[in-house]
Amino acid sequence: MSEAPSTAEALDLLFTSATPGWFTPFATATDGLTAGQAATVPAPHFNSVWAVVNHVRYWQEVALLQLQHLPVDSAALGSEDGSGWPPIDDPTDEAAWQEARRRVLAANATLAQYVKTLTDAELDQSVAEGEVWNTRRHLIYSMIAHNSYHTCEITTIRHLHGWWFDAL
């Protein structure tokens with residue numbers, strides 16, 4: 001049996017699980033914020049929650065393209081400068097904020113669905129020559145770590161604003 005289904009499950013559950021556990025999922029960390037709150041930067045050298053949501057969505061879409069051996073067009077994914085940090089929309093636009101959340105959750109679900117279909121041999125295939133993430137398996141595990149890092153970042157931003165404990 002392939003390792004892919006359990007890896008896909010980890011990718012999904014660490015992002016969206018509604019079951020309380022030792023780790024707050026990304027969906028919970030971003031839930032309950034208004035567009036204005038999500039767009040607020042707590043201090044110099046920090047990001048807003050909305051910026052992090054766009055960043056995580058961008059890299060999940062990039063990872064899916066890389067896993068499929070497809071070209072990555074950063075501008076088409078919203079990062080005109082290729083930095084991986086697409087700009088946020090109008091901070092007063094509640095619908096745009098909810099759409100950003102919907103897109104990041106959908107990107108994770110799509111990535112997890114694709115990962116679930118891979119065989120062990122496919123997991124061990126090279127993503128691209130000379131890349132840091134040289135196998136699909138490494139790239140997928142790196143995405144789990146990336147998502148976890150940014151979930152903690154969002155939790156920290158919410159703590160700095162005093163918006164965390166009310167969310168629990």
Considering only the stretch 36-72, state which residues are closer than 16 Å to A106 by Cβ and of a type in the set (V, I, T). V53, V56, V62
Residue set V52, V56; condition in contact with an Asp or Glu (Cβ under 7 Å, 6 or more places away or on another chain) and modelled with pLDDT of 95 or more; output residue V52
The stretch 101-132, residues that are assigned to a loop (DSSP other than H, G, I, E, B), modelled with pLDDT of 95 or more and either among the aliphatic types (A, V, I, L, M) or touching a Pro at 6+ places or on another chain (Cβ under 7 Å) (or both): L118
Hits in the stretch 71-93 (condition: of a type in the set (D, E) and surrounded by fewer than 13 Cβ atoms within 10 Å (Cβ to Cβ)): D73, E80, D81, D90
L13 - would you say it is under 14 Å from the mean Cα position of the chain (by Cα) and farther than 19 Å from A145 by Cα? no
Out of the residues in the stretch 1-32 that are of a type in the set (S, T, N, Q) and surrounded by 18 or more Cβ atoms within 10 Å (Cβ to Cβ), state the one that is modelled with the highest pLDDT. T30
Inside the stretch 60-88, can you point out the residues that are in contact (Cβ under 8 Å) with a residue 24 or more places away in the chain and either part of a loop (DSSP other than H, G, I, E, B) or more than 25 Å from S148 (Cβ to Cβ) (or both)? Q68, H69, G78, G84, W85, P86, P87, I88
Can you work out which of the residues in the stretch 98-128 that are among the β-branched types (V, I, T) and buried (at least 16 other Cβ atoms within 10 Å of the Cβ) is nearest to G78 (Cα to Cα)? V104
Here is a list of conditions, (1) over 23 Å from F46 (Cβ atoms); (2) at pLDDT 95 or above; (3) of a type in the set (S, T, Y), and T135 meets all of them except one; can you say which number that is? (2)
Exactly one of V56, V52 is assigned to a helix (DSSP H, G or I), in contact (Cβ under 8 Å) with a residue 60 or more places away in the chain, over 15 Å from L139 (Cα atoms) and within 15 Å of the chain's Cα centre (by Cα), and that one is V52
Name the helices (runs of 4 or more DSSP H) wholly within the stretch 1-47 that hold at least 3 residues that are aliphatic (A, V, I, L, M) and farther than 17 Å from A112 by Cα? 35-39
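The values are calculated or read from the model by the stated rules, or taken from the named source; none is laboratory data. Quantities reported herein were computed from a predicted structural model and do not represent experimental measurements. Quick reminder, even Gly has a Cβ in these numbers, built from the backbone with ideal geometry, and neighbours come from all protein chains shown.
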